[in-house]
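The values are calculated or read from the model by the stated rules, or taken from the named source; none is laboratory data. Keep in mind the model is a prediction, meaning the values are calculated, not measured. Every residue, glycine as well, gets a Cβ built from its backbone with ideal geometry; the counts of neighbours run over all protein chains shown.
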Amino acid sequence: MVHAKRMTEFRARLERAGLDAYWIVSSLNVRYLCGFTGEDSTLLITLGRAVLVTDSRYVEQAGREACVDEVVDRHTPVAQEIGSLCKALGVKKMGLTAANVTHADFLAVAAAASPVEVVSRKSGIAEKMRIRKDADEVEAIRASLRASEAAFLEVLKLVEPGRSERWLAARLEYEMRVRGADGAAFETICAVGSHASMPHAVSGDAQVQPHYGVLFDWGARLGGYCSDLTRLLHGDTIPPKLNALVDVVLDAQAAVFGKLKPGNRSGEADAAGRAVMAKAGYGANFGHGIGHGVGLAVHEAPRLGPGDDTVLLPGMVVTVEPGIYVPGDVGVRIEEMALITPDGHEVLSSLPRRPEQLMCPGG
């Protein structure tokens, strides 16, 4: 029923856009609209019909999963199949999302579908629908978070001097899978000591030391939906300098939370947290956006970044992840997930935020 409802909404938006068909290229959008989870998939939606195009590896799976009118087992290039379907279904004007296709694919489908008019759209209909999560999606995200947090608490018991970043990252991904996750939502980051000064550090052979901080950035993908969290641990008494940075980051996070309510702009939330760090003298030590949407993709709309004018609405799920990075010295980032509600927001994650509250073993 949920996919049928989404398809009805999609068609209403399609008609309002003056189109009579849309080529869905992103596998995440395919999953969102019809439920098919296979890798090789593309979807043609008209005002009266939905056709999933895949290959022989996934035909049986598509028959079981996809909420569509027809499944096509393709034997020619995708663009040619879509072009043929457009002609067979009497399509006159088909849209596609520019960001999801290469220029070569656009030219190929335009040639194959001729004389159908193919319209390249900057913003996709499915992406606009996905920005606000329904109740089932929110519960799926909560389940992903539960698996992520439970896995992290298990790994905490194993953080001790001599453990490598690579080993801890792999173990965290294993523990998420044990708890039902499809896998990690992205490559897990474990950064020891000064490696945490790189926002997207690559876990390597560096080992935990009693006097080092350890930063984890991780998340599960469960039932297709993602989670995304960051925590900083420390094995012994936290140095005053590091503790002061944690205070600034948490103050910035609180400022962002203060802006997470319907009607505010996502850029306002970013600016609020950024101002706190700038006032403390660390404006130059924070370069990325202060948050992003999470759903079927770990990074999706809305973006909580400088100048972004997206209006926050109930149903949006976002991260809040201010950080301070001093190259070659230290990095602090603390990341939460929050749901925009009709009267404000709800923090979905539940782990303690401060390093001393996590009580890193092995110190």
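Here are the numbers:
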| quantity | calculated |
| --- | --- |
| Inter-residue pairs, beta-carbon under 6 Å, first assigned by TED's automatic domain parsing to the domain that holds Ala280 and aliphatic (A, V, I, L, M) and in segment 230-246, second assigned to a helix (DSSP H, G or I) and surrounded by 15 or more Cβ atoms within 10 Å (Cβ to Cβ), 6+ apart | Leu232/Pro355; Leu233/Pro355; Leu233/Leu358; Ile238/Pro355 |
| Pairs with Cβ under 7 Å, 6+ apart, first in segment 167-188 and more than 12 Å from Glu154 (Cβ to Cβ), second charged (D, E, K, R) and not in a helix (DSSP H, G or I) | Ala181/Arg221; Asp182/Arg221; Gly183/Arg221; Ala184/Arg221; Ala185/Arg221; Ala185/Asp228 |
| Any pair with Cβ under 8 angstrom, 6 or more apart, that starts in segment 84-109 at a residue that is on the phi > 0 side of the Ramachandran plot and ends at one that is surrounded by fewer than 16 Cβ atoms within 10 Å (Cβ to Cβ) and in a helix (DSSP H, G or I) | none |
| Pairs where the first residue, in segment 36-53, is of a type in the set (Gly, Ala, Ser) and the second is assigned to a loop (DSSP other than H, G, I, E, B), C-beta under 6 Å, 6+ apart | Gly38/Tyr58; Ala50/Val68; Ala50/Asp69 |
| Single residue of His299, His288, His292 found to be free of Cβ contacts under 8 Å to residues at least 24 places away in the same chain and in contact with an Asp or Glu (Cβ under 9 Å, 6 or more places away or on another chain) | His299 |
| Residue tally, condition of a type in the set (A, V, I, L, M), crowded, with 23+ Cβ neighbours inside 10 Å and closer than 24 Å to Tyr282 by Cβ, over segment 193-226 | 3 |
| Number of the condition not met by Gly162 [criteria: (1) touching a residue at least 60 places away in the same chain (Cβ under 8 Å); (2) farther than 26 Å from Val2 by Cβ] | (1) |
| Residues that are within 18 Å of Ser123 (Cα to Cα) and surrounded by 19 or more Cβ atoms within 10 Å (Cβ to Cβ), drawn from segment 309-322 | Leu312, Met316 |
| Top-ranked residue in segment 287-308 [being surrounded by fewer than 24 Cβ atoms within 10 Å (Cβ to Cβ) and hydrophobic (A, V, I, L, M, F, W, C); ranked as farthest from the chain's Cα centre (by Cα)] | Ala301 |
| Elements of type strands (runs of 3 or more DSSP E) contained in segment 189-306, each with 3 or more residues being of a type outside the set (D, E, K, R) | 189-192, 213-218, 229-234, 291-293, 300-304 |
| Segment 156-170, subset within 23 Å of the chain's Cα centre (by Cα) and surrounded by 18 or more Cβ atoms within 10 Å (Cβ to Cβ), residue farthest from Glu346 (Cα to Cα) | Leu168 |
| Residue in segment 326-338 that is outside any strand (DSSP E or B) and out of contact with any helix residue (DSSP H, G or I) (no Cβ under 6 Å at 6 or more places or on another chain) present | no |
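Condition check ((1) in a helix (DSSP H, G or I); (2) of a type in the set (Lys, Arg); (3) under 27 Å from Ala297 (Cα atoms)) across all residues:
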site: Gln61; (1), (2), (3): yes, no, yes
site: Val68; (1), (2), (3): no, no, yes
site: Gln80; (1), (2), (3): yes, no, no
site: Val91; (1), (2), (3): no, no, no
site: Ala108; (1), (2), (3): yes, no, no
